[in-house]
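Take a look at the structure below.
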Amino acid sequence: MIEHVYRRAAAATSVSSVLVATDDERILEAVRAFGGVACLTSPDHQSGTDRLAEVAAELGSEIVVNVQGDEPMIEPAMIDEAVEPLLADPMVVMSTLRRRIDDPADLANPNVTKVVVDREGYALYFSRAPIPHTRAGCPPAPAWRHVGLYVYRRDCLLQLASLEPTVLETSEALEQLRALEHGIRILAVETRYDSIGVDTPDDLERVRRLIPGALRV
(Lines give C-alpha, C1' and ligand atoms only; values in the text may rest on other atoms or scores of the structure.)
Protein backbone atom coordinates (compact mmCIF):
# COMPACT_ATOMS: atom_id res chain seq x y z
CA MET A 1 0.00 0.00 0.00
CA ILE A 2 2.76 2.45 0.87
CA GLU A 3 4.34 2.09 -2.58
CA HIS A 4 1.00 2.80 -4.23
CA VAL A 5 0.51 5.99 -2.18
CA TYR A 6 4.13 7.03 -2.78
CA ARG A 7 3.84 6.77 -6.56
CA ARG A 8 0.52 8.61 -6.68
CA ALA A 9 1.96 11.45 -4.60
CA ALA A 10 5.00 11.63 -6.86
CA ALA A 11 2.71 12.01 -9.88
CA ALA A 12 1.31 15.34 -8.61
CA THR A 13 2.62 18.22 -10.73
CA SER A 14 3.03 20.50 -7.71
CA VAL A 15 5.29 18.06 -5.85
CA SER A 16 9.06 18.25 -6.35
CA SER A 17 10.02 15.34 -4.09
CA VAL A 18 8.43 12.63 -1.95
CA LEU A 19 9.72 11.32 1.36
CA VAL A 20 8.20 8.79 3.75
CA ALA A 21 8.55 9.63 7.44
CA THR A 22 8.08 6.62 9.71
CA ASP A 23 9.12 5.23 13.08
CA ASP A 24 8.80 1.64 11.81
CA GLU A 25 11.95 0.07 10.35
CA ARG A 26 9.83 -2.39 8.36
CA ILE A 27 8.21 0.48 6.48
CA LEU A 28 11.60 2.15 6.04
CA GLU A 29 12.99 -1.01 4.45
CA ALA A 30 9.89 -1.53 2.28
CA VAL A 31 10.14 2.00 0.85
CA ARG A 32 13.84 1.69 0.13
CA ALA A 33 13.23 -1.70 -1.49
CA PHE A 34 11.10 -0.15 -4.25
CA GLY A 35 13.53 2.76 -4.68
CA GLY A 36 11.69 5.34 -2.59
CA VAL A 37 13.14 7.81 -0.11
CA ALA A 38 12.37 7.37 3.59
CA CYS A 39 13.69 8.45 6.95
CA LEU A 40 13.29 7.08 10.46
CA THR A 41 11.76 9.44 13.00
CA SER A 42 11.28 9.41 16.75
CA PRO A 43 8.73 6.86 18.03
CA ASP A 44 7.45 9.38 20.58
CA HIS A 45 5.33 11.57 18.30
CA GLN A 46 1.65 11.79 19.20
CA SER A 47 0.47 12.62 15.68
CA GLY A 48 1.46 12.57 12.05
CA THR A 49 1.80 16.35 12.16
CA ASP A 50 4.46 16.08 14.85
CA ARG A 51 6.31 13.41 12.86
CA LEU A 52 6.21 15.51 9.71
CA ALA A 53 7.50 18.55 11.58
CA GLU A 54 10.58 16.62 12.71
CA VAL A 55 11.45 16.02 9.06
CA ALA A 56 10.40 19.49 7.84
CA ALA A 57 12.76 21.13 10.34
CA GLU A 58 15.65 19.79 8.25
CA LEU A 59 14.13 20.66 4.86
CA GLY A 60 14.42 23.88 2.90
CA SER A 61 10.95 23.61 1.34
CA GLU A 62 8.59 26.51 2.03
CA ILE A 63 5.50 24.35 1.42
CA VAL A 64 5.11 20.85 2.86
CA VAL A 65 2.40 18.35 1.89
CA ASN A 66 1.23 15.64 4.28
CA VAL A 67 -0.29 12.64 2.50
CA GLN A 68 -1.43 9.89 4.82
CA GLY A 69 0.02 6.47 4.07
CA ASP A 70 -3.44 4.93 4.45
CA GLU A 71 -4.97 6.90 1.51
CA PRO A 72 -4.22 4.58 -1.45
CA MET A 73 -7.00 6.10 -3.58
CA ILE A 74 -5.54 9.60 -3.44
CA GLU A 75 -5.51 11.25 -6.88
CA PRO A 76 -2.43 13.30 -7.81
CA ALA A 77 -4.80 16.10 -8.84
CA MET A 78 -6.13 16.25 -5.28
CA ILE A 79 -2.68 17.16 -4.03
CA ASP A 80 -2.43 19.87 -6.67
CA GLU A 81 -5.85 21.24 -5.65
CA ALA A 82 -4.74 21.56 -2.03
CA VAL A 83 -1.35 23.10 -2.88
CA GLU A 84 -2.67 25.74 -5.32
CA PRO A 85 -4.15 28.16 -2.72
CA LEU A 86 -0.80 28.41 -0.89
CA LEU A 87 0.93 29.19 -4.17
CA ALA A 88 -1.67 31.81 -5.07
CA ASP A 89 -2.17 33.56 -1.71
CA PRO A 90 0.59 34.16 0.87
CA MET A 91 -2.07 34.59 3.57
CA VAL A 92 -3.11 30.93 3.33
CA VAL A 93 -0.91 28.99 5.75
CA MET A 94 -2.66 25.61 5.85
CA SER A 95 -5.10 23.78 3.60
CA THR A 96 -6.92 20.50 3.27
CA LEU A 97 -9.71 18.99 1.15
CA ARG A 98 -13.43 18.37 1.52
CA ARG A 99 -15.96 16.46 -0.55
CA ARG A 100 -19.75 16.66 -0.52
CA ILE A 101 -21.45 13.89 1.49
CA ASP A 102 -24.26 12.27 -0.49
CA ASP A 103 -24.70 9.07 1.53
CA PRO A 104 -26.48 9.52 4.91
CA ALA A 105 -24.53 6.52 6.21
CA ASP A 106 -21.28 8.49 5.80
CA LEU A 107 -22.70 11.34 7.84
CA ALA A 108 -23.48 8.97 10.71
CA ASN A 109 -20.21 7.01 10.49
CA PRO A 110 -17.66 8.10 13.15
CA ASN A 111 -14.84 6.81 10.93
CA VAL A 112 -15.79 9.49 8.39
CA THR A 113 -14.59 12.88 9.60
CA LYS A 114 -16.94 15.74 8.83
CA VAL A 115 -16.05 19.41 8.40
CA VAL A 116 -18.16 22.57 8.43
CA VAL A 117 -16.82 25.66 6.70
CA ASP A 118 -17.45 29.39 6.62
CA ARG A 119 -18.39 31.37 3.50
CA GLU A 120 -14.77 31.60 2.41
CA GLY A 121 -14.22 27.86 2.72
CA TYR A 122 -12.24 27.98 5.96
CA ALA A 123 -12.93 25.18 8.43
CA LEU A 124 -15.06 26.06 11.44
CA TYR A 125 -14.90 22.60 13.00
CA PHE A 126 -14.03 18.97 12.28
CA SER A 127 -15.87 16.14 14.01
CA ARG A 128 -16.61 12.45 13.94
CA ALA A 129 -20.18 13.38 14.87
CA PRO A 130 -22.82 14.03 12.16
CA ILE A 131 -22.38 17.77 11.61
CA PRO A 132 -24.08 19.98 10.69
CA HIS A 133 -27.25 18.79 12.42
CA THR A 134 -30.51 19.52 10.61
CA ARG A 135 -33.38 20.33 12.95
CA ALA A 136 -36.81 18.93 12.02
CA GLY A 137 -38.58 21.23 9.60
CA CYS A 138 -35.44 23.18 8.70
CA PRO A 139 -33.65 23.12 5.34
CA PRO A 140 -30.45 21.02 5.40
CA ALA A 141 -27.06 22.63 5.06
CA PRO A 142 -24.40 21.00 2.89
CA ALA A 143 -22.49 18.22 4.65
CA TRP A 144 -18.80 17.75 3.85
CA ARG A 145 -16.44 14.83 4.35
CA HIS A 146 -12.89 15.72 5.25
CA VAL A 147 -10.19 14.19 3.06
CA GLY A 148 -7.09 13.61 5.22
CA LEU A 149 -4.52 15.50 3.20
CA TYR A 150 -2.81 18.64 4.52
CA VAL A 151 -0.61 21.33 3.04
CA TYR A 152 1.36 23.66 5.32
CA ARG A 153 3.71 26.53 5.06
CA ARG A 154 6.81 25.24 6.77
CA ASP A 155 6.72 27.88 9.53
CA CYS A 156 3.08 27.06 10.26
CA LEU A 157 3.87 23.34 10.52
CA LEU A 158 6.74 23.92 12.92
CA GLN A 159 4.61 26.26 15.02
CA LEU A 160 1.77 23.75 15.13
CA ALA A 161 4.06 20.94 16.27
CA SER A 162 5.41 23.12 19.07
CA LEU A 163 1.93 23.61 20.56
CA GLU A 164 0.51 21.37 23.25
CA PRO A 165 -2.24 18.92 22.24
CA THR A 166 -5.66 20.41 22.95
CA VAL A 167 -8.81 19.15 24.64
CA LEU A 168 -10.86 18.87 21.45
CA GLU A 169 -7.97 17.25 19.59
CA THR A 170 -7.64 14.48 22.17
CA SER A 171 -11.39 14.09 22.67
CA GLU A 172 -12.19 13.64 18.96
CA ALA A 173 -8.79 12.08 18.13
CA LEU A 174 -8.45 14.58 15.27
CA GLU A 175 -5.06 16.28 15.14
CA GLN A 176 -6.26 19.15 12.92
CA LEU A 177 -8.34 20.49 15.81
CA ARG A 178 -5.11 21.60 17.48
CA ALA A 179 -4.71 24.16 14.70
CA LEU A 180 -8.26 25.48 15.05
CA GLU A 181 -8.08 25.69 18.84
CA HIS A 182 -4.91 27.74 18.56
CA GLY A 183 -6.40 30.10 15.98
CA ILE A 184 -4.67 28.71 12.87
CA ARG A 185 -7.06 28.92 9.92
CA ILE A 186 -7.40 25.88 7.65
CA LEU A 187 -8.71 26.41 4.12
CA ALA A 188 -10.84 23.39 3.14
CA VAL A 189 -10.78 23.16 -0.66
CA GLU A 190 -13.69 21.40 -2.34
CA THR A 191 -12.70 18.44 -4.51
CA ARG A 192 -14.71 16.36 -6.94
CA TYR A 193 -12.40 13.40 -6.43
CA ASP A 194 -13.08 10.66 -3.93
CA SER A 195 -10.64 8.85 -1.69
CA ILE A 196 -10.92 6.01 0.78
CA GLY A 197 -8.90 6.10 3.97
CA VAL A 198 -8.01 2.61 5.18
CA ASP A 199 -9.07 2.78 8.83
CA THR A 200 -10.75 -0.62 9.20
CA PRO A 201 -10.43 -4.13 7.69
CA ASP A 202 -13.63 -3.42 5.71
CA ASP A 203 -11.98 -0.32 4.19
CA LEU A 204 -9.00 -2.42 3.15
CA GLU A 205 -11.18 -5.02 1.45
CA ARG A 206 -13.13 -2.29 -0.35
CA VAL A 207 -9.94 -0.76 -1.74
CA ARG A 208 -8.57 -4.16 -2.73
CA ARG A 209 -11.67 -4.71 -4.85
CA LEU A 210 -11.17 -1.38 -6.58
CA ILE A 211 -7.45 -1.81 -7.30
CA PRO A 212 -6.80 -5.59 -7.28
CA GLY A 213 -3.24 -6.60 -6.55
CA ALA A 214 -2.16 -3.07 -5.60
CA LEU A 215 -2.40 -3.41 -1.87
CA ARG A 216 -0.50 -5.61 0.52
CA VAL A 217 -0.24 -5.01 4.26
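The values are calculated or read from the model by the stated rules, or taken from the named source; none is laboratory data. The model shown is predicted, which means the values in this text are computed figures rather than measured ones. Please note: Cβ atoms are built from the backbone with ideal geometry, for glycine as well, and neighbour counts cover all protein chains shown. With ligands, DNA and RNA removed, areas are computed over all heavy atoms of the protein, side chains included. Shrake-Rupley method; radii C 1.70, N 1.55, O 1.52, S 1.80 Å.
The single condition among (1) within 14 Å of the chain's Cα centre (by Cα); (2) more than 15 Å from LEU160 (Cβ to Cβ) that ASN66 does not meet is (2). Only a single item in (1) in a loop (DSSP other than H, G, I, E, B); (2) out of contact with any strand residue (DSSP E or B) (no Cβ under 9 Å at 6 or more places or on another chain); (3) under 26 Å from LEU174 (Cα atoms) is not met by GLU3, and it is number (1). Residues in region 134-157: is at least one touching a helix residue (DSSP H, G or I) at 6+ places or on another chain (Cβ under 9 Å) and exposed (fewer than 15 other Cβ atoms within 10 Å of the Cβ)? For region 134-157, residues touching a helix residue (DSSP H, G or I) at 6+ places or on another chain (Cβ under 9 Å) and exposed (fewer than 15 other Cβ atoms within 10 Å of the Cβ): absent. Among the residues making up region 31-48, those that are open to solvent by less than 70 Å² (accessible area, probe 1.4 Å), assigned to a loop (DSSP other than H, G, I, E, B) and over 17 Å from ASP70 (Cα atoms) are PHE34, GLY35, THR41, SER42, HIS45.
In the condition set (1) open to solvent by 70 Å² or more (accessible area, probe 1.4 Å); (2) of a type outside the set (Lys, Arg); (3) under 15 Å from the mean Cα position of the chain (by Cα); (4) modelled with pLDDT of 95 or more, ASP199 is compliant with all but (4). Look at (1) exposed (fewer than 13 other Cβ atoms within 10 Å of the Cβ); (2) in contact (Cβ under 8 Å) with a residue 40 or more places away in the chain and you find that ARG8 fails only one, number (1).
Table: residues versus (1) outside any loop (DSSP other than H, G, I, E, B); (2) touching a helix residue (DSSP H, G or I) at 6+ places or on another chain (Cβ under 7 Å); (3) open to solvent by 20 Å² or more (accessible area, probe 1.4 Å).
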residue: GLU29; (1), (2), (3): yes, no, yes
residue: VAL65; (1), (2), (3): yes, yes, yes
residue: MET73; (1), (2), (3): no, yes, yes
residue: ALA77; (1), (2), (3): yes, no, yes
residue: GLU84; (1), (2), (3): yes, no, yes
residue: MET91; (1), (2), (3): no, no, yes
residue: ASP102; (1), (2), (3): no, no, yes
residue: ALA123; (1), (2), (3): yes, yes, no
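Within this structure, VAL207 fails the test of being β-branched (Val, Ile, Thr) and at pLDDT 95 or above.
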